[in-house]
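The values are calculated or read from the model by the stated rules, or taken from the named source; none is laboratory data. Just so it is clear, the structure is predicted and the values come from calculations on it, not from any experiment. All Cβ positions, glycine included, derive from the backbone under ideal geometry; neighbour counts span all protein chains shown.
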Amino acid sequence: MCGIVGYIGNKDAKEILIEGLRELEYRGYDSAGLAILNSGEFNIYKAVGKLKNLEEKTKDFTTSGFSVGIAHTRWATHGKPTELNAHPHLGEESYVVHNGIIENYIELKKELEKKGVGFLSQTDTEVIVHRFEDNKKTIADNFKAFETTINELDGAYAILLVTKSSDDKIFFAKKGSPLLVGKDSNGNVYFASSDTAVIGKAEEVYYLEDDEYGYAGKNDIAVFDKSGNKKSLTFKRLSTNKLSAQKEGYRFFMEKEIYEQSEVIADTMLGRLKDEEVFFEEIDDSFFDGIDEIKFCACGTSYHAALSCAYLFERVAKIKTSVEIASELRYKEPLLTKNTLFVVISQSGETADTLETLKMAKKAGLKTLAVCNVDNSSMVRTADTTILTRAGIEKGVASTKAFATQVCVLWMLSLFMAGKKGTISKESLKEQLHLLRELPKVLKVKQKLHDRIKKLSKRYLHGHGFFFIGRDVFYPLALEGALKLKEISYLHAEGYPSGEMKHGPIALADPELFTIALLPQNLLYEKTKSNIEELSARDSTICIISSKNEEIADDFIKIDEHSHYMLEFFEMMVVLQLLSLEISVRLGNDVDMPRNLAKSVTVE
Ligand code: F6R
């Protein structure tokens with residue numbers, strides 16, 4: 001994820017761009033930059049690190065009169081966070097900012113290099129501006145050259161491009177990454193990845209659809225569809241309340257983040273799923289050399305993500321896998337052997353216990369990998385290699401989309417490893433890639449499902465406790481469901497393997513014990529059902545989450561039928577998140593900032 005902003009008009013362009021970037025910094029903050037075309041001259045500034053560095057660099061720069069500007073805050077996908085890799089990227093007389101991934105950039109770059117074009121950065125984005133300038137040599141109309149350029153790109157993008165010979169315009173295009181164009185009654189034009197960046201500035205906005213592109217000048221916005229037809233635009237009035245706009249109409253950040261999962265998971269997979277393999281540009285071919293064991297280490301929700309995927313690593317990649325709670329590993333004097341890949345999983349990258357175990361592993365000479373959501377965080381800086389989960393900033397203290405993206409990355413990593421080790425057939429790998437591609441659809445929250453859960457939640461506000469039960473990967477998911485409920489409802493909840501209930505906990509069963517049972521159709525169905533029957537026979541109140549209703553259930557939350565248990569996993573995850581959210585709302589709790597908790601636990 002990156003954030004982009006654009007502006008055309010007579011106001012202070014620098015201020016507008018910087019303020020816009022500040023609102024978008026959550027989308028990425030490893031570097032930032034801006035280009036402003038004022039009185040025929042480009043003024044370019046770039047800085048590595050947080051936006052405040054760019055602010056410092058531009059503090060003496062001012063614009064006056066009419067200007068055209070584009071700006072960007074970056075979350076690296078290709079190339080390290082350096083000034084050269086920061087946007088805007090430069091051609092002979094044009095600049096571009098881009099959010100997304102250009103999947104065919106290598107072939108486009110090779111063609112340009114053959115023509116003698118030099119590249120300064122390691123990014124995929126730079127190819128856009130050079131391609132545009134190459135097209136401009138044969139196409140007299142700048143906008144037509146831009147149109148031709150867009151048609152050459154594969155992948156996902158939100159693009160703003162400015163060029164000296166059309167110095168009153170911004171060319172723009174959108175496919176798969178968000179982009180809006182806004183205007184005010186004085187003819188000023190604004191662009192942004194999200195409306196929070198233009199609140200208080202633009203009065204009306206148009207949210208571009210995929211494959212739309214166009215140009216804008218003062219008082220003039222033209223948008224075209226995929227076939228090149230000019231669109232008549234219906235602008236929406238923009239809210240003036242920043243906080244509610246940040247929540248985009250949702251009651252809580254947690255709710256927004258649950259709904260966002262479908263979109264962010266697409267970002268997580270962007271550029272990583274090829275036709276016949278998973279691809280991580282972060283991991284080179286020799287990375288797994290000498291590795292015959294994996295040790296995951298994490299805390300809380302991230303620990304649950306690791307537990308879930310440990311099943312996949314052993315099952316699919318046929319590699320011995322263990323999972324450790326970081327605060328436990330620290331003091332148990334563990335045997336850390338060099339044939340082990342040490343993987344830390346963390347949303348923040350700052351959790352003190354996890355970070356310490358990473359340092360321990362490094363000290364013991366192990367190869368280390370961080371699966372993390374925050375670039376430049378301490379873990380990212382410490383680990384040998386990092387895979388970013390690309391969930392975007394998570395504001396709700398109860399983690400939701402971070403968990404979804406962690407499981408997705410680890411699932412992909414298990415397939416990546418299986419592919420390298422040859423433990424998966426071509427056909428199975430293809431099938432799994434197909435399943436991964438289904439995730440954005442599976443994670444889309446259906447209003448009917450949410451309404452059902454909202455209604456049901458009123459029955460689950462009392463009682464002496466909750467058991468969340470499941471088998472196999474659904475056991476860690478049950479742990480996660482129980483953790484979500486505990487965190488925001490303050491009700492007692494436990495996650496348990498279904499098959500283990502009869503070894504003690506079943507003694508608690510009575511109508512005031514609520515059992516939330518995960519019953520997938522595609523994994524150990526009959527076995528899990530028998531475990532639920534055992535609890536039903538002892539009169540526990542049972543809510544089954546499944547695609548098939550069973551008579552043993554007091555309540556039933558229906559998910560869609562899926563062809564594979566991992567798709568059931570992700571839909572059940574959404575159900576569990578919504579269930580805790582709705583119970584917490586009914587109890588009148590602060591969903592986003594539950595008592596006694598903090599978003600990042602940097603103390604032991
Ligand atoms: C629960 C939650 C916590 C974190 C844990 C680790 O909703 O957010 O359990 O998962 O504190 O944090 P990270 O992933 O930042 O290392």
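Going through the range 476-513 one residue at a time, which ones are among the aromatic types (Phe, Trp, Tyr) and within 16 Å of the ligand (Cβ to nearest atom)? I'd like the intermediate steps shown before the answer.
Start the filter on the range 476-513 by keeping residues that are among the aromatic types (Phe, Trp, Tyr), which leaves 490, 496.
Listed by number, the list holds a single entry, Tyr490.
So the check is Cβ under 6 Å with 6+ separation or different chains; which pairs have a first residue in the range 125-145 that's within 20 Å of Gly33 (Cβ to Cβ) and a second one that's among the β-branched types (Val, Ile, Thr) and assigned to a loop (DSSP other than H, G, I, E, B)?
These pairs meet every condition: His130/Val117.
Of the numbered conditions (1) buried (at least 22 other Cβ atoms within 10 Å of the Cβ); (2) over 22 Å from the mean Cα position of the chain (by Cα); (3) not assigned by TED's automatic domain parsing to the domain that holds Lys455, Val591 fails exactly one; give the number of that condition.
In the conditions (1) buried (at least 22 other Cβ atoms within 10 Å of the Cβ); (2) over 22 Å from the mean Cα position of the chain (by Cα); (3) not assigned by TED's automatic domain parsing to the domain that holds Lys455, Val591 misses (2) alone.
Among the residues of the range 382-413, write down those that are more than 14 Å from the ligand (Cβ to nearest atom) and under 17 Å from Cys299 (Cβ atoms).
Hits for the range 382-413: nothing passes.
Can you confirm whether Lys502 is at pLDDT 90 or above and either assigned by TED's automatic domain parsing to the domain that holds Arg452 or out of contact with any Lys or Arg (no Cβ under 6 Å at 6 or more places or on another chain) (or both)? Give the derivation first.
Numbers: at pLDDT 90 or above: no; either assigned by TED's automatic domain parsing to the domain that holds Arg452 or out of contact with any Lys or Arg (no Cβ under 6 Å at 6 or more places or on another chain) (or both): yes.
No, not satisfied.
For the range 61-71, state whether one or more residues are more than 28 Å from the chain's Cα centre (by Cα), in the same structural domain as Ala156 (by TED's automatic domain parsing), closer than 17 Å to Ala47 by Cα and not in a strand (DSSP E or B).
The initial filter retains those residues of the range 61-71 that are more than 28 Å from the chain's Cα centre (by Cα), namely 61-68.
Still in the list and also in the same structural domain as Ala156 (by TED's automatic domain parsing): 61-68.
Checking which are closer than 17 Å to Ala47 by Cα leaves us with 61.
Narrowing the set further to residues that are not in a strand (DSSP E or B) leaves 61.
Yes, the range 61-71 contains a residue that is more than 28 Å from the chain's Cα centre (by Cα), in the same structural domain as Ala156 (by TED's automatic domain parsing), closer than 17 Å to Ala47 by Cα and not in a strand (DSSP E or B).
Given the criterion touching an Asp or Glu at 6+ places or on another chain (Cβ under 9 Å), farther than 26 Å from Glu152 by Cβ and among the aliphatic types (A, V, I, L, M), identify the matching residue among Ala173, Ala192, Ala197. Spell out how you get there, then give the answer.
Numbers: Ala173 fails: farther than 26 Å from Glu152 by Cβ; Ala192 fails: farther than 26 Å from Glu152 by Cβ.
Ala197 is the lone residue from the list that is touching an Asp or Glu at 6+ places or on another chain (Cβ under 9 Å), farther than 26 Å from Glu152 by Cβ and among the aliphatic types (A, V, I, L, M).
Which ones in the range 389-406 are polar (S, T, N, Q) and in a loop (DSSP other than H, G, I, E, B)? So that I can check it myself, show each step before the final result.
First, pick out the residues of the range 389-406 that are polar (S, T, N, Q): 389, 399-400, 405-406.
Thr389, Ser399, Thr400, listed by residue number.
Quick one: Glu92 ticks every box in (1) more than 25 Å from Lys183 (Cα to Cα); (2) in contact with an Asp or Glu (Cβ under 7 Å, 6 or more places away or on another chain); (3) assigned to a strand (DSSP E or B) except a single one, so which number is it?
Going through the list (1) more than 25 Å from Lys183 (Cα to Cα); (2) in contact with an Asp or Glu (Cβ under 7 Å, 6 or more places away or on another chain); (3) assigned to a strand (DSSP E or B), Glu92 breaks only (3).
Can you tell me which residue in the range 319-377 is farthest from the ligand (Cβ to nearest atom), limited to those that are in a helix (DSSP H, G or I) and β-branched (Val, Ile, Thr)? Reasoning before the result, please.
Of all residues in the range 319-377, those in a helix (DSSP H, G or I) come to 326-329, 352-363.
Checking which are β-branched (Val, Ile, Thr) leaves us with 354, 357.
Details: Thr354: 5, Thr357: 11 Å.
Checking each candidate, the answer is Thr357.
Does any residue of the range 170-191 turn out to be hydrophobic (A, V, I, L, M, F, W, C), surrounded by 20 or more Cβ atoms within 10 Å (Cβ to Cβ), more than 21 Å from Lys274 (Cβ to Cβ) and without any contact (Cβ under 8 Å) to a residue 24 or more places away in the chain?
First, pick out the residues of the range 170-191 that are hydrophobic (A, V, I, L, M, F, W, C): 170-173, 179-181, 189, 191.
Pick out the ones that are also surrounded by 20 or more Cβ atoms within 10 Å (Cβ to Cβ) and you get 170-173, 179-181, 189, 191.
Checking which are more than 21 Å from Lys274 (Cβ to Cβ) leaves us with 170-173, 179-181, 189, 191.
Filter once more, keeping what is without any contact (Cβ under 8 Å) to a residue 24 or more places away in the chain: none.
For the range 170-191, residues hydrophobic (A, V, I, L, M, F, W, C), surrounded by 20 or more Cβ atoms within 10 Å (Cβ to Cβ), more than 21 Å from Lys274 (Cβ to Cβ) and without any contact (Cβ under 8 Å) to a residue 24 or more places away in the chain: absent.
Those residues that are of a type in the set (A, V, I, L, M, F, W, C) and either more than 16 Å from Ile101 (Cβ to Cβ) or part of a loop (DSSP other than H, G, I, E, B) (or both), I need them from the range 159-190; list them, please. Walk me through how you get there before you give the answer.
Keep residues of the range 159-190 that are of a type in the set (A, V, I, L, M, F, W, C), which gives 159-162, 170-173, 179-181, 189.
Leu160, Leu161, Val162, Ile170, Phe171, Phe172, Leu179, Leu180, Val181, Val189, listed by residue number.
Are any residues in the range 544-588 of a type in the set (S, T, N, Q) and away from the ligand (no atom under 14 Å from the Cβ), and if so, which ones? Walk me through how you get there before you give the answer.
In the first step, residues of the range 544-588 are kept if they are of a type in the set (S, T, N, Q); the result is 546-547, 549, 563, 577, 580, 584.
If the condition is that a residue be of a type in the set (S, T, N, Q) and away from the ligand (no atom under 14 Å from the Cβ), then Ser546, Ser547, Asn549, Ser563 are the ones that fit.
Give the range 284-298 a look and list any residue that's crowded, with 24+ Cβ neighbours inside 10 Å and either within 13 Å of the ligand (Cβ to nearest atom) or in a loop (DSSP other than H, G, I, E, B) (or both), or say none.
Across the range 284-298, the qualifying residues are Phe296, Cys297, Ala298.
Taking interchain pairs and intrachain pairs at least six residues apart, which have beta carbon atoms under 6 angstrom, with the first residue in the range 369-383 and assigned by TED's automatic domain parsing to the domain that holds Glu356 and of a type in the set (Val, Ile, Thr) and the second within 13 Å of the ligand (Cβ to nearest atom) and in a loop (DSSP other than H, G, I, E, B)?
Pairs found: Val374/Ser348; Val374/Gly349; Val380/Gly349.
For the range 1-29, give me the residue count where each residue is in a loop (DSSP other than H, G, I, E, B) and buried (at least 22 other Cβ atoms within 10 Å of the Cβ). Can you show your working first?
Looking only at the range 1-29, we keep the residues that are in a loop (DSSP other than H, G, I, E, B), and these are 1-2, 10-12, 28-29.
Filter once more, so that each one left must be buried (at least 22 other Cβ atoms within 10 Å of the Cβ): 1-2, 28-29.
The total comes to 4.
Going by what's in this entry, would Ser580 be described as at pLDDT 95 or above, of a type in the set (Gly, Ala, Ser) and part of a helix (DSSP H, G or I)? Before you say what the answer is, go through the steps one by one.
Numbers: at pLDDT 95 or above: yes; of a type in the set (Gly, Ala, Ser): yes; part of a helix (DSSP H, G or I): yes.
Criteria met by Ser580.
Scan the range 253-264 and give yes if some residue there is touching a residue at least 40 places away in the same chain (Cβ under 8 Å), of a type outside the set (Gly, Ala, Ser) and away from the ligand (no atom under 16 Å from the Cβ), otherwise no.
For the range 253-264, residues touching a residue at least 40 places away in the same chain (Cβ under 8 Å), of a type outside the set (Gly, Ala, Ser) and away from the ligand (no atom under 16 Å from the Cβ): present.
For the range 94-135, what are the residues that are polar (S, T, N, Q) and surrounded by fewer than 21 Cβ atoms within 10 Å (Cβ to Cβ)? Even if it seems obvious, please write down each step before you answer.
Within the range 94-135, the first condition is being polar (S, T, N, Q), and the residues that meet it are 94, 99, 104, 121-123, 125, 135.
Passing the criteria: Asn104, Ser121, Gln122, Asn135.
Is one or more of the residues making up the range 192-202 in a strand (DSSP E or B) and in contact (Cβ under 8 Å) with a residue 12 or more places away in the chain?
Pass one, the range 192-202, residues in a strand (DSSP E or B): 192.
Among the residues that remain, those that are also in contact (Cβ under 8 Å) with a residue 12 or more places away in the chain are: 192.
Taking every residue of the range 192-202 in turn, at least one turns out to be in a strand (DSSP E or B) and in contact (Cβ under 8 Å) with a residue 12 or more places away in the chain.
Can you give me the number of residues within the range 391-408 that are under 14 Å from Val264 (Cα atoms) and surrounded by fewer than 24 Cβ atoms within 10 Å (Cβ to Cβ)?
Of the residues in that region, 2 qualify.
Sort through Ile18, Ile106, Ile70 and tell me the only one that's of a type outside the set (S, T, N, Q) and without any contact (Cβ under 8 Å) to a residue 24 or more places away in the chain. Walk me through how you get there before you give the answer.
On the way: Ile18 fails: without any contact (Cβ under 8 Å) to a residue 24 or more places away in the chain; Ile70 fails: without any contact (Cβ under 8 Å) to a residue 24 or more places away in the chain.
Result: Ile106 is the single residue among Ile18, Ile106, Ile70 that is of a type outside the set (S, T, N, Q) and without any contact (Cβ under 8 Å) to a residue 24 or more places away in the chain.
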